[in-house]
Amino acid sequence: MSRKLTVVLLATLVLFGAMSLKTAVVKHGNGAVIMANGGAPQPPVPWK
Amino acid sequence: MPGPLEYCIWLVCTLLEGAVVVCAVKSQSFRRYIFLNLYMGLSFLVSVFRYQVLSHYGMASSEYVYFYYYSDTLLTIGLYFALLNLYSLVFDEMKVERFLRLGAILLLGGTAWFSYAVVQQSSHRILSHFAYELSQNLYFVGLVLTYALWGAILKMRETRARLIQLVLALGVYFSAFAANYALQNLYFKAGVLRFVTPLLGCVLPAAWAYCFLRVSEEARLAPSRLVAVPR
């Protein structure tokens, strides 16, 4: 049971850390997009 | 429309993605690194279909835009599973697969929930925006997970050379995109940066293909503490 709780805690910590990082990056960014998949030319984002 | 250099980089990147799967099959590692290979195979197919859509409809068409961002979400989920494949290999002797699966599902579910929560407040095109937001959020989750895995490898003094190189390549890949993003924010008018992003896309398949081709599964790295000679 305690190992399961540890896993839940770790997953929450990673999620919190990643979302905090993303929020900080996007807040100070100019609206550029991070796309890390392949070499295809990136079209403009239609949801901005 | 993209220029000849961009097409050339894209072609090289696509060929490298295919080369990863070929090298893995050749070195009889396809099943051991199944999600890495599935991700690379999927990347190859997506690149081919993206080219088809781009050449048929054009860069500014909604068909290409939607196909690009939906396929990007699919690829980011694939990359997430490839990373989990590396986690399961690093921790395979500890018999914690069940907990890894639980953590992976929780993290993916949490990221999807967070993405939905953001999108719900700000968009009327919920599904498309959700796909885009999920891809962006999973990128950051992948970034944090890669650094956590690298920390675990250092702590556990992992010696399997191929596994270490695969994880390091992923770390370099994520870090390079993060640095590129920072540069884009600083010098967003610099034209050269539009070639850098697709070039960075070649880093991961090139490193993984090299790793499958040149580094054998049995190769080991000597931990520094064992190598150091006491005075």
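Tabulated values for the structure
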item: Qualifying residue in segment B:201-217 (condition: closer than 27 Å to A:VAL26 by Cβ and hydroxyl-bearing (Ser, Thr, Tyr)); result: no
item: Any hit, segment A:26-40, residues being modelled with pLDDT of 75 or more and assigned to a helix (DSSP H, G or I); result: yes
item: B:ARG162, sole failed condition from (1) surrounded by 20 or more Cβ atoms within 10 Å (Cβ to Cβ); (2) modelled with pLDDT of 90 or more; (3) under 29 Å from B:CYS8 (Cβ atoms); result: (3)
item: Test result for B:ARG101, exposed (fewer than 15 other Cβ atoms within 10 Å of the Cβ) and under 20 Å from the mean Cα position of the chain (by Cα); result: yes
item: From the options B:LEU204, B:LEU154, B:LEU193, B:LEU200, residue that is modelled with pLDDT under 95 and farther than 22 Å from B:TYR7 by Cα; result: B:LEU154
item: Scope segment B:30-44; condition loosely packed, with under 15 Cβ neighbours inside 10 Å and either aliphatic (A, V, I, L, M) or not in a loop (DSSP other than H, G, I, E, B) (or both); matching residues; result: B:ILE34
item: Residue list for segment B:138-173, filter: of a type in the set (Phe, Trp, Tyr) and within 13 Å of chain A (Cβ to nearest Cβ); result: B:TYR139, B:PHE140, B:TYR147, B:TYR173
item: Residue that is surrounded by fewer than 19 Cβ atoms within 10 Å (Cβ to Cβ), within 11 Å of chain A (Cβ to nearest Cβ) and of a type in the set (Val, Ile, Thr), where the choices are B:VAL65, B:VAL48; result: B:VAL48
item: Tally of residues being free of Cβ contacts under 8 Å to residues at least 40 places away in the same chain and under 18 Å from the mean Cα position of the chain (by Cα) across segment B:30-47; result: 8
item: Some residue of segment B:169-176 being β-branched (Val, Ile, Thr), surrounded by fewer than 18 Cβ atoms within 10 Å (Cβ to Cβ) and either more than 19 Å from the chain's Cα centre (by Cα) or farther than 20 Å from B:THR146 by Cβ (or both); result: no
item: Matching entry among B:SER115, B:SER122, B:SER135 (being of a type in the set (Ser, Thr, Tyr), within 12 Å of another protein chain (Cβ to nearest Cβ) and surrounded by fewer than 21 Cβ atoms within 10 Å (Cβ to Cβ)); result: B:SER122
item: Residue tally, condition touching a residue at least 24 places away in the same chain (Cβ under 8 Å) and either more than 20 Å from A:PRO44 (Cβ to Cβ) or in contact with a strand residue (DSSP E or B) (Cβ under 8 Å, 6 or more places away or on another chain) (or both), over segment B:108-136; result: 2
item: Filter result (in contact (Cβ under 8 Å) with a residue 40 or more places away in the chain and farther than 24 Å from B:ASN137 by Cβ) within segment B:61-89; result: B:LEU89
item: Pairs with Cβ under 7 Å, 6+ apart, first in segment B:139-155 and in contact (Cβ under 8 Å) with a residue 24 or more places away in the chain, second outside any helix (DSSP H, G or I); result: B:TYR139/A:ILE34; B:TYR139/A:ALA36
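The values are calculated or read from the model by the stated rules, or taken from the named source; none is laboratory data. For clarity, every value in this text was computed on a predicted model and none was experimentally measured. FYI the Cβ positions are ideal-geometry reconstructions off the backbone, even for glycines, and counts take in every protein chain you see.
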